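One structure below.
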Amino acid sequence: MKRKIIQLLTVLFCSSAIASAQQIEWTPEQIKAYSEGYTGPRSADGRPMISDNLIKRLANVSIEEAWGFLRNKGYHNQFDAGWTIIGDGVLVGRAVTSQYMPLRPDVDEKIKAQGEEEGRIGAPNSWPIDVLTHGDVYVADGFGKVVDGTLIGDNLGNAIYAKSGTGVVFDAGARDVEGLERIKGFTGFVRGLDPSYIQGMMMTCINCPIRIGRATVMPGDLVLGKKEGVIFIPAMYAQDLIMNAEFVALRDEFGHMRLREGKYTPGEIDRRWTDNIKQDFLSWIKAHPEKLQMTPKEFDDYMKERNW
């Protein structure tokens, strides 16, 4: 009996894998299954739908704070550096992922045929752009190819920005950089610049798990790109990470202020705070609610769980 159950499960798994392989884009059910730790709202395609407010607040979080938080949670492969940055160097949003591979004609034919059957329009490298919505960041694994691997130029850049209002993270190249820099608000993290156009590559999937350098990225991850590099934050940790970073920033601002005033010594500020310093900090927050990016209620709730 046990053997029959195992055989049945094997057949079901293989059938599911075959059915999934016939799709260009992961289904909402697949995305949900791989992000079940996230319990908040989702977009129609199944990706976690982190609020615009949290995304806006994420822009103020340092890479170091985000990196440290995720390391403490056991996530050691969420950051990558070594980028050529187009724009002002700050990028935040929800990941729409896409994978590219070296061209193999027989596979490419199947992908294009499947795309046509699904009603997708144009070349496959435009299909991920079609699924973007406001607040998304297009994240593509282009296996580090720069020469003949320019996944973006000013035409696609304008299309991407029109749909997302953000930018891209491409483990690949870019062209038409002068045109891209004229797109006000667009930010791109790419591996390099080259005048060539894309060739010898094929797009293999949309909203699937991908590799970006030394990071693993899932659809719906929050993207934070700054001068140091790009970090990809699992949606289930987004709110806690942002609130933790905001608390640390407040704590540092208060500590620096009191050190300048000479009220406390470095030894008092750099160790676990006494009850008197904690109360002083809370009184300062109460007197300056404009310092909070979270709501006062969110702050009070956070402090109930906070271990100083």
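The values are calculated or read from the model by the stated rules, or taken from the named source; none is laboratory data. On a predicted model such as this, the values are computed, not experimentally measured, just so you know. Ideal geometry is used to build each Cβ from the backbone, glycine not excepted, and the neighbour counts take in all protein chains shown. These accessible areas exclude ligands, DNA and RNA; they are computed on the full protein's heavy atoms, side chains included. Shrake-Rupley method; radii C 1.70, N 1.55, O 1.52, S 1.80 Å.
Overview of results
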| quantity | calculated |
| --- | --- |
| Matching residues in segment 274-305 - criterion: being under 30 Å from K56 (Cβ atoms), open to solvent by 40 Å² or more (accessible area, probe 1.4 Å) and assigned to a loop (DSSP other than H, G, I, E, B) | H288, Q293, T295 |
| Segments classed as helices (runs of 4 or more DSSP H), wholly inside segment 56-137, with at least 1 members that are of a type in the set (S, T, Y) and surrounded by 13 or more Cβ atoms within 10 Å (Cβ to Cβ) | none |
| All positions within segment 35-55 that are exposed (fewer than 15 other Cβ atoms within 10 Å of the Cβ) and either of a type outside the set (A, V, I, L, M, F, W, C) or not in a loop (DSSP other than H, G, I, E, B) (or both) | E36, G37, T39, G40, P41, S51, D52, N53 |
| Hey, V168 open to solvent by 10 Å² or more (accessible area, probe 1.4 Å), at pLDDT 95 or above and either of a type in the set (D, E) or not in a helix (DSSP H, G or I) (or both) or not | no |
| Conditions (1) in contact with a Pro (Cβ under 9 Å, 6 or more places away or on another chain); (2) over 27 Å from N60 (Cα atoms); (3) in contact (Cβ under 8 Å) with a residue 60 or more places away in the chain; number of the one not met by R120 | (1) |
| Check on L70, closer than 11 Å to K226 by Cα and either of a type in the set (A, V, I, L, M, F, W, C) or in contact (Cβ under 8 Å) with a residue 24 or more places away in the chain (or both) | no |
| Boolean, K110 is touching a helix residue (DSSP H, G or I) at 6+ places or on another chain (Cβ under 9 Å), among the charged types (D, E, K, R) and modelled with pLDDT of 95 or more | no |
| Filtered residues of segment 152-165 (kept if among the aliphatic types (A, V, I, L, M) and open to solvent by less than 20 Å² (accessible area, probe 1.4 Å)) | I152, I160 |
| Top-ranked residue of segment 54-76 - restricted to ones that are in contact with a Phe, Trp or Tyr (Cβ under 9 Å, 6 or more places away or on another chain) and not β-branched (V, I, T), ranked as farthest from E181 (Cα to Cα) | K73 |
| Yes/no for M257 being at pLDDT below 90 and either closer than 26 Å to I63 by Cα or hydroxyl-bearing (S, T, Y) (or both) | no |
| Residue in segment 241-263 that is under 26 Å from the mean Cα position of the chain (by Cα) and closer than 30 Å to T27 by Cβ present | yes |
